[in-house]
Amino acid sequence: MKTPEGFLFSAVKCGIKKPDRFDLGLIYSPNRLTAWGVFTQNTVQAAPVVLGKKLIKEKTLHGVVVNSGVANACTGEEGIQRATKLLEEVAKGLGVSLRSLLPASTGVIGEQLPLEKMLPKVSELVSNLSPERYLDFTKAIMTTDTFPKIAYRSLENGVSILGIAKGAGMIAPNMATMLGFILTDAKVSKDTLKKVLPKIVDHSFNQITVDGDTSTNDTVYMLCSNQKDLKNWEDFEKACLEVAQELAYLIVKDGEGASKVIKIMVKGAKTKEDAKTFAFSVANSPLVKTAVYGEDANWGRIFAALGKTTIPFDFEKVEIYLNGIPWVKNLKVITDEELLRKELQKEVVEIQIKLKEGKKGFEVWASDLTEEYIKINAHYRT
């Protein structure tokens with residue numbers, strides 16, 4: 001894999017939470033970047049989100065500084081000051097303006113950035129920059145993730161697109177703890193990015209859920225180094241969407257304690273918003289998620305999840321399919337229970353729900369819910 005031209009990567013071990021793991025990362029370009037961002041809709045927003053919303057509007061941007069271990073959320077004015085100080089020191093080392101770097105953080109809410117551990121590592125962070133160190137950067141943004149999340153596409157004219165993300169828990173993005181970076185060497189204007197990135201996010205990261213919790217820190221940045229001309233915009237946009245969708249799938253696959261990916265497809269709703277509400281209600285239902293984990297074809301839980309939306313529909317007309325196999329029709333199971341159980345043993349379980357109320361649909365990717373999720377989150381800070 002060849003990383004997009006114009007980008008350098010670095011990571012260092014500051015010991016923010018654990019002594020021997022990367023926890024401070026840097027994406028940098030000596031060239032001026034075109035960039036845009038999409039941020040969490042949670043009304044409790046972390047300091048890096050507050051700063052990022054302002055700095056993304058700057059005309060001259062050169063990169064992103066990211067840390068794991070501490071979310072820098074619910075930290076007040078001191079949190080803003082500490083995040084700014086970190087950006088300032090990294091900018092000094094790079095010889096660029098403080099306002100040309102974007103922040104992002106992930107980790108425990110309510111704790112201040114430990115600058116006493118981080119600032120002494122800034123010179124190493126800057127000196128280690130290299131096109132090859134993208135994997136170290138990816139490791140530096142992980143928290144409860146069990147593997148790095150990377151996706152890549154290249155176009156015929158040499159344009160490259162690299163996607164990097166982290167996320168395993170607190171995942172129900174509304175723009176969980178979710179960070180995403182889409183990098184390309186294509187020439188793209190800021191006005192175009194403002195239109196394209198939200199659309200990409202809506203069809204990828206905004207269609208996943210692990211536990212129904214939207215983070216205070218969710219951030220997706222798209223950065224363009226403007227090294228290569230685009231010959232086919234449709235191919236480029238399609239490739240960017242594929243990168244984002246692959247990352248979104250990997251986040252669900254790596255959901256905390258997850259053993260399966262569940263694809264919930266609602267069809268035949270009156271409106272797209274209805275379809276989305278129905279799909280997320282099923283995808284976020286602990287009862288549905290545990291049934292899939294336990295390989296129990298308990299279809300009544302799906303009906304209950306549809307009904308709790310309070311959206312009117314004729315539930316007696318609903319049909320449900322499991323991995324394409326007819327499951328429920330006229331409120332009766334129409335397939336052998338043992339066959340259904342075998343289908344639920346697969347790593348990817350597809351539940352299709354036909355409402356027969358209209359022509360709109362929506363798809364959500366979710367993870368199942370296991371005992372391990374409880375263990376991870378019961379002891380998250382310890």
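If you look at the Cα atoms of region 154-300, you get an Rg and a Dmax of 17.1, 55 Å.
So which of Lys2/Lys166; Lys59/Lys139; Lys317/Lys359; Lys166/Lys194; Lys121/Lys166 end up more than 25 Å apart by C-alpha?
On the way: Lys2/Lys166 21 Å; Lys59/Lys139 29 Å; Lys317/Lys359 15 Å; Lys166/Lys194 23 Å; Lys121/Lys166 22 Å.
Over 25 Å apart, Cα to Cα: Lys59/Lys139.
Rounded to the nearest 20, the Cβ-based charge dipole of region 261-334 about its Cα centre (Lys and Arg +1, Asp and Glu -1) stands at 140 debye.
Can you flag which of Lys199/Lys267; Lys195/Lys253; Lys272/Lys329; Lys263/Lys329 are past 25 Å Cα-Cα? The pairs that break the limit, which is 25 Å between Cα atoms, are Lys195/Lys253. Along the charge dipole of the chain, pointing to its positive end and built from +1/-1 on Cβ of Lys, Arg, Asp and Glu, which listed residue (Gly25, Ile208, Ala140) has its Cα farthest out? Of the candidates, Gly25 comes out farthest on the positive side.
Within region 75-116, what residues put their amide N at less than 17 Å from the label point 7 Å along the Cα-to-Cβ vector of Lys59? Under 17 Å, as judged by backbone N against the label point of Lys59, lie 97-101 of region 75-116.
Working note: 222 nm ellipticity from helices only, DSSP H runs with n ≥ 4, each -39,500 (n - 2.57), summed and divided by the residues of the chain, gives -9500 deg cm²/dmol to the nearest 500. Length gained on full extension, Thr43 to Leu115: 23.3 nm, using 0.36 nm per residue less the C-alpha separation. Taking the Cα centre of region 63-130 as reference, the dipole from Cβ charges on Lys and Arg (+1) and Asp and Glu (-1) amounts to some 160 debye. Think of a 1.4 Å ball rolled over the protein heavy atoms: region 214-286 then has 36 Å² of accessible area per residue.
My understanding is that a pair violates if its Cα-Cα distance is over 22 Å; which of Lys276/Lys308; Lys53/Lys117; Lys57/Lys85 do that in this structure?
Working: Lys276/Lys308 14 Å; Lys53/Lys117 26 Å; Lys57/Lys85 20 Å.
From the list (Lys276/Lys308; Lys53/Lys117; Lys57/Lys85), the Cα-Cα distance tops 22 Å for Lys53/Lys117.
Taking all protein chains as shown and a probe of 1.4 angstrom, Arg21 keeps an accessible surface of around 70 Å².
Projecting the Cα positions of Thr335, Gly358, Ile325 onto the charge dipole of region 302-364 (unit charges on Cβ atoms of Lys, Arg, Asp and Glu, taken about the Cα centre) puts Gly358 furthest along the positive direction.
Could you check how much of the accessible area of region 1-89 is carbon and sulfur, as a whole percent, using a 1.4 Å probe? Mind dumping the intermediate values first?
On the way: 1700 of 3530 Å².
Accessible surface attributable to carbon and sulfur in region 1-89 totals 48 percent.
Measuring nothing but protein heavy atoms, the accessible surface of region 249-326 at 1.4 Å probe radius is 55 percent carbon and sulfur. What does the C-alpha gyration tensor say about the overall shape of region 246-382? Classify as rounded when a/c is under 1.5, otherwise prolate if a/b is larger than b/c, or oblate. Verdict is prolate for region 246-382. A 1.4 Å probe over all protein chains sorts Met265, Met1 by accessible area into Met1, Met265, starting with the largest. In the full protein context, region 113-158 carries 48 Å² of accessible surface per residue, based on a 1.4 Å probe and ignoring ligands, DNA and RNA.
Ranking Leu287, Val261, Gly300 by how far each Cα lies toward the positive end of the dipole of region 183-301 (charges on Cβ) leaves Gly300 at the top. When the Cα gyration tensor is reduced to axis lengths a ≥ b ≥ c, the ratio a/c is 1.5 or higher for region 232-293, and with a/b not above b/c it is classed as oblate. Kindly identify region 1-157 as rounded, prolate or oblate by the Cα gyration tensor criterion: order the square roots of the eigenvalues as a ≥ b ≥ c, call it rounded if a/c is under 1.5, otherwise compare a/b with b/c, prolate if a/b is larger, else oblate. Because its axes are fairly even, with a/c under 1.5, region 1-157 counts as rounded.
How big is the dipole moment of region 1-74 about its Cα centre under a simple scheme where the beta carbon of each Lys and Arg is +1, that of each Asp and Glu is -1, and everything else is neutral? Debye, nearest 20, please. Before the final figure, lay out each step's value.
Details: 10 positive and 4 negative charges, 18 e Å.
Result for region 1-74 is approximately 80 debye, rounded to the nearest 20.
The values are calculated or read from the model by the stated rules, or taken from the named source; none is laboratory data. None of these values were measured; they are calculated from a predicted model. All Cβ positions, glycine included, derive from the backbone under ideal geometry; neighbour counts span all protein chains shown. Just the protein is used for accessible areas: all its heavy atoms, side chains included, with ligands, DNA and RNA removed. Shrake-Rupley method; radii C 1.70, N 1.55, O 1.52, S 1.80 Å.
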